[in-house]
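The structure appears right after this line, and notes come after that.
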Amino acid sequence: MTREELHALVWSKPMRIAAKERSISDVALAKQCRKASVPVPPRGYWNKVQAGKHVTPQPLPLLQADRLNGLFPAYRTGFVPRQGGDAQRPEFESIDEVARRIASLVGRVQVPSRLVNPHPIVARLLRQDEERRAKVSPNHFSYDYYGPKFDRPIQQRRLRILSALISALERLGLKVHGSTHAGERFTVMFQRGLFVYILLAVENGPHGDPFYRDRGRSRRAPGERLRFDITGHSPEHEPPTRTWRDGDTALEAQLGEIACGILLKAEDDMRRSAVWSYEYEVKERARKAEEARVAMERAEAERIARAAAAAKARFAALVDGADALERAERIRRYVAAVRERVAAGPTEPDSDLLERWSAWALSEADALDPVLSGRFVADLQAHAEPS
């Protein structure tokens, strides 16, 4: 059953009846809905239906991947290397059109006037502040890095803005995590290993420190204002990508624009990544093609060298064979001449000794002879030109 079918089922009849039709318990059906991120009717919903009251089923929310695919065209049209073909430079739709769609989806982000139900991240920061307050002596010097951070009104305002922004981003399917102990730096997590780093702090505050604690001051310091940055991974060493400040327009009224800016930064990063991947693929293919060309040239040079060496070896074998045959023939002629002269000479040596010497000399000649020894055949097999 698809998410759509499951959503239609649980909003068409009570959970108990829908579960019975599927031969499972209503607890098991509710578990399936949670696992598939399918909302279920709230308590009292079917009583209102039976009473004839107007009720509106909660729509099926998009999964995070679907939200991101809808928000960021670069997730769909980013560079994908073509198998067996040339790499194609990625093409994207107009960034203005993407900005328009993102702005329509984000809408206006409302900041509550009181921090009644803060986001869990902000609630955790407030709990940590209470723990710091319990550890600080009332007579301690007013500037205390380890003291409470959020007593002053502008810090309370900063937390309200932070809570509203994180909630708005999470409604879009994004994840926000991390911060320093004073809660000014966070990471917005997208899919595919994409992150956007943000900072919300007070600038131009007392002593130039955004988290200065002054128990005697309840009003805002002169020139003090909130600032929101989209930063890099190390904001201390690189300028922010984009900045919003309190000015003629309060930061609260700019929060929708800020949320859109975060999403557009992710789209821009994804596009840069896609173009970088394309250019890297082009360079890699060029590098591999050059390596293949060099390898082919090296192989051809080695083949030519081997052929030249083989030709040289064949010629050397030919000369060696000819020399060996000539030496064998010289030995045979020498043996024949000795025997002839001995027979015609005035003295006749020991015939048995002459025969043994002649046999030995002729055997040496046969061993040198490349035809009789079989060396000629071996040379033919080892050094003949390939057909």
Inset, instruction - Looking only at the range 275-300, count how many residues are touching a residue at least 24 places away in the same chain (Cβ under 8 Å) and of a type in the set (D, E, K, R). - result: 2
Inset, instruction - Could you tell me whether the range 315-334 includes any residue that is more than 30 Å from residue 359 (Cβ to Cβ), surrounded by fewer than 16 Cβ atoms within 10 Å (Cβ to Cβ) and not aliphatic (A, V, I, L, M)? - result: yes
Legend entry - Number of the exception - residue 277 against (1) outside any helix (DSSP H, G or I); (2) surrounded by 10 or more Cβ atoms within 10 Å (Cβ to Cβ); (3) among the hydroxyl-bearing types (Ser, Thr, Tyr): (1)
Inset, instruction - Mind listing whichever residues of the range 1-39 are modelled with pLDDT under 90, outside any helix (DSSP H, G or I) and buried (at least 18 other Cβ atoms within 10 Å of the Cβ)? - result: 38
Legend entry - Cβ-Cβ under 8 Å pairs, at least 6 apart or on other chains, the range 301-326 side closer than 14 Å to residue 375 by Cβ, far side not in a helix (DSSP H, G or I): 314/384; 314/385; 321/370; 324/369; 324/370; 325/369; 325/370; 325/371
Legend entry - Residue under evaluation residue 70, criteria (1) modelled with pLDDT of 75 or more; (2) surrounded by 14 or more Cβ atoms within 10 Å (Cβ to Cβ); (3) closer than 30 Å to residue 190 by Cβ, criterion not met: (1)
Inset, instruction - Run residue 368 past the list (1) surrounded by 14 or more Cβ atoms within 10 Å (Cβ to Cβ); (2) within 24 Å of residue 308 (Cβ to Cβ) and report the number of the one that doesn't hold. - result: (2)
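Based on what the data block shows, is residue 297 more than 20 Å from residue 373 (Cα to Cα) and not aliphatic (A, V, I, L, M)? Working first, answer last.
Working: more than 20 Å from residue 373 (Cα to Cα): yes; not aliphatic (A, V, I, L, M): yes.
Answer is yes for this residue.
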Inset, instruction - Inspect the range 349-362 for any residue being more than 40 Å from the chain's Cα centre (by Cα), loosely packed, with under 10 Cβ neighbours inside 10 Å and outside any helix (DSSP H, G or I) and give the result as yes or no. - result: yes
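Can you tell me which residue is farthest from residue 2 (Cα to Cα) among those in the range 40-51 that are in contact (Cβ under 8 Å) with a residue 12 or more places away in the chain and assigned to a loop (DSSP other than H, G, I, E, B)?
Ranking the candidates gives 41 first.
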Inset, instruction - Search the range 96-123 for residues that are over 19 Å from residue 253 (Cα atoms) and pair each with any residue that is of a type in the set (Lys, Arg) when their beta-carbon atoms are under 9 Å apart and the residues are at least 6 apart or on different chains. - result: 122/160
Inset, instruction - Being in a loop (DSSP other than H, G, I, E, B) and either surrounded by 12 or more Cβ atoms within 10 Å (Cβ to Cβ) or in contact (Cβ under 8 Å) with a residue 24 or more places away in the chain (or both) narrows it down to one of 237, 233, so name that one. - result: 233
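The values are calculated or read from the model by the stated rules, or taken from the named source; none is laboratory data. Quick caveat: nothing in here was measured; it's all calculated off a predicted structure. With ideal geometry, Cβ positions are generated from the backbone for all residues, glycine too; neighbour counts draw on all protein chains shown.
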